[in-house]
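Engineer: My structure is below; once you've seen it, I'll send some questions.
Please treat every number below as a calculation from the coordinates, not as lab data. What you see is a predicted model; the values in this text were computed from it and never measured. We place every Cβ from the backbone using ideal geometry, glycine too, and count neighbours over all the protein chains shown.
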Amino acid sequence: MTDPHATPDEEQPTHDGAPGWDAITAACERLYPGQEPHHFGPLIKSWMGGPDPLDGISAYKRLDPQPHWHFVTYGLSDLYENSHDGLHSGWGLELSLRLACAADAAEPPRWALSFLQNLARYVNDSGNVFRDGDWMTANGPIALETGTELCSMGFVQDPELGSIGTPHGSVAFMQVVGLTAAEETAARHWNTRQLLDTLAPAMPLWITDLARPCLLQQRDDIRQQVQAGCARDGSSSGILYTDVLDWHQKKRLLRTPLTHIMLGARQAGDLAQLLPLRLPFGRDFTLAGKGRRVMFQPAPSNAIDATGDTLVLRLTDATVRGLAATLRAQAGRCATPGFARLCWQIEPTLIRDHEGRVVETIG
């Protein structure tokens, strides 16, 4: 789907007083010396009040180890002025995406522009920064109307661009890697970075190929390595990002407040799977939404604390087991067995296309 705000430029624009922009371009030129990329920018830049968070996306053509486009973003780091005095420039990252293509492809696909803009918009809106080893569901195919099985994403530091220093601080190039539903489950139940390392021999440079099948179903050796890793290590997924998350507490006469948590159906099902793989092993877990967080901690007795926009739930192993058996990817109200002070409102998860149309409802 073409991004209505993206316009191709004949060449990358130059900016007076844009040292962050220049540093990103210099890193790309070291990797692709002499190559003029396809460059796309919004009609109205973000600093002029435009709706898109990224002021530019460059795409470089690459033939090895297989033909692909290498997209690199401009806008999650400080391009023009230093927004703070910390160690990192802006959010401390830019996104990259390696997308398989035909050897004779002349133009990069426009849907990837909207895809990267939407990921950048999520970072800006939520404040949740992608780091090496993170994962995130796409709530549907990462490229609609393509028939792809890829519906999730892993994040890994770009193996070639790595990280750079700029006059405004450090910037890590965080590469987005398309994953299937089964591969996402493996990432959640085990470790995203270890999963990506296991997939790497069959996915050189972690190139996202929309046409590829699930590697866990195609390769017995990969499936066996993942199963062994899960049994040995448990889950290292300590955070689940969601667009639908809120909570409030209702005061009750002569009784402790009743806490209601609102969560999307898709993430409710994920939470039911992940809590038993974290808290009973002594590991915390966090739901991260737009301006709201719910932290789960193992404890000998149940308790609830609320501070600002963060809700802390301390749960016993028995409560975790009861909650895991009760939460479902189904809209409606849900109680917490053994913990009457906590209840859940599960809302349908709406899967939208790049134009905002609902194409699927979960729950």
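Engineer: Nothing charged except the Cβ atoms of Lys and Arg (+1) and of Asp and Glu (-1): what's the magnitude of the dipole of the chain about its Cα centre? Round to the nearest 20 debye.
Structural biologist: 2360
Engineer: Could I get the Rg over Rh figure for the stretch 252-293? Both from C-alpha atoms, Rh via Kirkwood, rounded to two places.
Structural biologist: 1.08
Engineer: Compute the distance from the alpha-carbon center of the stretch 201-250 to that of the stretch 31-61, in whole Å.
Structural biologist: Distance between centres, Cα-based: 30 Å.
Engineer: Restricted to Cα positions, what overall size does the stretch 77-188 have along the principal axes? Three whole-Å values, descending.
Structural biologist: The Cα atoms of the stretch 77-188 stretch 45, 36, 25 Å along their principal axes.
Engineer: Further question on the same structure: Taking only Cα atoms of the stretch 129-227, what ratio of Rg to Rh do you get with Rh as the Kirkwood inverse-distance radius?
Structural biologist: Taking Rg over the Kirkwood Rh, I get 1.00.
Engineer: Would you kindly give the portion of the calculated P(r) for the stretch 284-363 that falls above 18 Å, as a percent of all Cα pairs?
Structural biologist: On the way: 1653 of 3160 pairs.
Pairs farther apart than 18 Å: 52 percent.
Engineer: For the stretch 202-282, what are Rg and Dmax over the alpha carbons, in angstrom?
Structural biologist: Every Cα atom of the stretch 202-282 included, Rg and Dmax give 19.3, 62 Å.
Engineer: Which three lengths, in whole Å and largest first, does the chain cover when its Cα atoms are put on their principal axes?
Structural biologist: 70, 49, 38
Engineer: In addition: Which value in Å does the Kirkwood hydrodynamic radius of the stretch 180-245 take, with 1/r averaged over all unlike C-alpha pairs and then inverted? It would help to have the intermediate numbers written out before the result.
Structural biologist: Values: mean 1/r = 0.0796 Å⁻¹.
Final number for the Kirkwood radius of the stretch 180-245 is 12.6 Å.
Engineer: Just to confirm the filter: which GluC sites (Glu not before Pro) across the stretch 71-149 are DSSP coil and have at most 13 other Cβ within 10 angstrom of their Cβ?
Structural biologist: Answer in residue order: GLU81, GLU145.
Engineer: Taking N as the number of residues in the stretch 205-363, what is its alpha-carbon radius of gyration divided by 2.2 N^0.38 Å? Mind showing how you got there, number by number?
Structural biologist: Working: Rg = 17.9 Å, N = 159, 2.2 N^0.38 = 15.1 Å.
So the Cα radius of gyration is 1.19 times the expected 2.2 N^0.38 Å.
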